[in-house]
Amino acid sequence: AEDIADIYMERMRGAKREHVQMFILNTKCKIESEYTVSIGELNSADIHPREVYSIAIRRSAAAIIIAHNHPSGDPTPSNLDIAATKRLEAVGKIVGIKLLDHIIVGCDSYVSLRSEGIIERHQAHIFRRPSESHCPQIRRRRAGQPEFRCGHQRSGHRFPDGRERPVAPVHRSHRPVE
């Protein structure tokens, strides 16, 4: 966030209108490209999720960072900035593209809405696999049981009265993976 803020502060110094920029990140959290989402007026700029995420989806973004300037020089977020950020974060969760930060720059300072606690903090590695405890293949692997291509083949289950449950014949699509 600090690097983006420094670059963006230098570029937007003296701007008379609000400019909203989006930085598209890949899965390694490296910036791949930058887009101007909107250019507003003296004290406002529209940040609509439709415009932001349509570009991000077309560019196959893994995550985004939004930055905009306050021509007044005071980077304190307005209520509209906070509301727009929360909407962007909610839409990002739905479409699967994380909003990592929203940076507001002034003349000589900036505010990161993530460090302010407005954007939910993500873990250090933002792209992680589902929990292993919920994955039946991994549970079978840990238990030393053979793996199956689908979850239909089960053995060793018992009825509540203790009788062994019959095992269905193994179909060729259900054979263990070797």
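The values are calculated or read from the model by the stated rules, or taken from the named source; none is laboratory data. Here the structure is a predicted model, which means the values were calculated and not measured. Cβ placement follows ideal geometry from the backbone for every residue including glycine, while neighbour counts extend to all protein chains displayed. Surface areas here come from the heavy atoms of the whole protein model, side chains and all, with no ligands, DNA or RNA. Shrake-Rupley method; radii C 1.70, N 1.55, O 1.52, S 1.80 Å.
Need the failing condition index for Ile82 against (1) farther than 21 Å from Ser33 by Cα; (2) touching a residue at least 60 places away in the same chain (Cβ under 8 Å); (3) of a type in the set (A, V, I, L, M), just the number.
Here Ile82 meets the rest and fails (2).
So Arg13 fits all but one of (1) basic (Lys, Arg); (2) out of contact with any Cys (no Cβ under 8 Å at 6 or more places or on another chain); (3) under 13 Å from Val105 (Cβ atoms); what number is the exception?
The single condition Arg13 does not satisfy is (2).
So Glu41 ticks every box in (1) more than 17 Å from the chain's Cα centre (by Cα); (2) within 19 Å of Ile118 (Cα to Cα) but one. Which box is left unticked?
Against the list (1) more than 17 Å from the chain's Cα centre (by Cα); (2) within 19 Å of Ile118 (Cα to Cα), Glu41 comes up short only on (2).
Please indicate, with yes or no, whether at least one residue in the stretch 18-35 is open to solvent by 50 Å² or more (accessible area, probe 1.4 Å) and over 20 Å from the mean Cα position of the chain (by Cα).
No, the conditions are met nowhere in the stretch 18-35.
Of the residues that make up the stretch 51-74, is at least one over 15 Å from the mean Cα position of the chain (by Cα), among the aromatic types (Phe, Trp, Tyr), at pLDDT 90 or above and closer than 24 Å to Arg17 by Cβ?
No, every residue in the stretch 51-74 fails to be over 15 Å from the mean Cα position of the chain (by Cα), among the aromatic types (Phe, Trp, Tyr), at pLDDT 90 or above and closer than 24 Å to Arg17 by Cβ.
Going by the conditions given, is Met12 in contact (Cβ under 8 Å) with a residue 60 or more places away in the chain and buried (at least 20 other Cβ atoms within 10 Å of the Cβ)?
Considered against the rule, which asks whether it is in contact (Cβ under 8 Å) with a residue 60 or more places away in the chain and buried (at least 20 other Cβ atoms within 10 Å of the Cβ), Met12 comes out as yes.
Out of all the residues in the stretch 45-72, which are out of contact with any strand residue (DSSP E or B) (no Cβ under 7 Å at 6 or more places or on another chain), closer than 20 Å to Ser109 by Cβ and surrounded by 13 or more Cβ atoms within 10 Å (Cβ to Cβ)?
Pro71 - this is the single residue of the stretch 45-72 that is out of contact with any strand residue (DSSP E or B) (no Cβ under 7 Å at 6 or more places or on another chain), closer than 20 Å to Ser109 by Cβ and surrounded by 13 or more Cβ atoms within 10 Å (Cβ to Cβ).
Considering only residues of the stretch 82-110 that are within 20 Å of the chain's Cα centre (by Cα) and closer than 20 Å to Asp6 by Cβ, which is surrounded by the most Cβ atoms within 10 Å (Cβ to Cβ)?
If we take residues in the stretch 82-110 being within 20 Å of the chain's Cα centre (by Cα) and closer than 20 Å to Asp6 by Cβ, then His102 is surrounded by the most Cβ atoms within 10 Å (Cβ to Cβ).
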